[in-house]
1. Determine which lysines satisfy two conditions relative to LYS217: a Cα distance under 16 Å, and not lying fewer than 8 residues away in the same chain.
2. Against the longest alpha carbon principal axis of the chain, how many degrees, from 0 to 90 and to the nearest 10, is the axis of helix 2-17 turned?
3. What percent does the relative contact order of the chain come to when contacts are Cα pairs within less than 8 Å and at least six residues apart?
4. Quick check on the stretch 86-205: take the gyration tensor over C-alpha atoms, sort the square-rooted eigenvalues as a ≥ b ≥ c, and tell me if it's rounded (a/c under 1.5), prolate or oblate.
5. Taking only Cα atoms, what is the 0 to 90° angle, nearest 10, from helix 26-39's long axis to the longest principal axis of the chain?
6. Can you give me the Kirkwood hydrodynamic radius for the chain, using every pair of distinct Cα atoms, in Å to one decimal?
7. Report relative contact order for the stretch 119-165 in percent, whole number only (criteria: Cα-Cα under 8 Å, sequence separation at least 6).
8. What length, rounded to one decimal in nm, is gained on full extension from SER113 through to VAL40, with 0.36 nm per residue of separation minus their alpha-carbon distance?
Amino acid sequence: MRVIQSILVVSFVFVLLIPTGKTETEDVVEALVGFMQKLVPGTMQNTPNWGWNTTSDPCIANWHGVMCDNTKQIVKNIVLEQISLSGTVDFESVCKETSILLLSLKYNNLTGSLPQQISYCKRLRLLYLNGNHFSGDLPGSLSGLTDLVRIDISNNELSGELPDVSRNTRLLVFLAQNNHFTGQLPDFNYHQLEDFDVSNNDLSGRIPDDTGSFGAKSFAGNPRLCGKVLSKPCP
């Protein structure tokens, strides 16, 4: 009898150690699949090992563009660059259900606006949306992403005022050139920033006298901006 009990205990422990084939929760998988469906991947979904379906796990099956933590249990990065995506971005689902640190969708053909729900990505550190066709105003909720280190929204069709990112105390890179932004410059910690560019928009008003290491190139192409850095006195 003791032998049988020992065998049963060993068997039970062995079963617990066997991977179940799922690491992320079903809610996360469904959110990711819904996120991809709205991106309209086209023929890319025929790529070998594409994944992005409800019958596999993003970490175990190594979905295209998905990177997980060291334990291969939690999705951390989504990088889908230059693969001709042409839909819209469901920030609400992907941000609400995941804990991603990096989202890069640059150089695609994505459209639509950036909604307030982008703030659901509370742990997001790196956001690259440059080289698409995003339009409309930037959501004020961007200022709530206090872990953001780099944001690149350049080369889109975005408009309205730039958000106040003074609360984003970790921000090192802010690139918003070649859009249609209007209004005055919000406060930036120019001495902390490593890269900064708001050129070729329709911004107006005075540029602070102290812009750190950033010169005229970072502000050029905004006819209604003035200030010492542009050698253009303000009225």
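1. In chain and number order, the partners are LYS228, LYS232.
2. Roughly 20 degrees, rounded to the nearest 10.
3. 10 percent
4. oblate
5. 40 degrees
6. Details: mean 1/r = 0.0504 Å⁻¹.
19.8 Å is the Kirkwood radius here.
7. 49 percent
8. 24.7 nm
Read-outs throughout are calculated quantities, based only on the coordinates presented, and are distinct from any laboratory measurement. As the structure is a computational prediction, the values presented were derived from the model and not from experiment. Cβ sites come from the backbone with ideal geometry, for glycine too, and all protein chains shown count toward neighbours.
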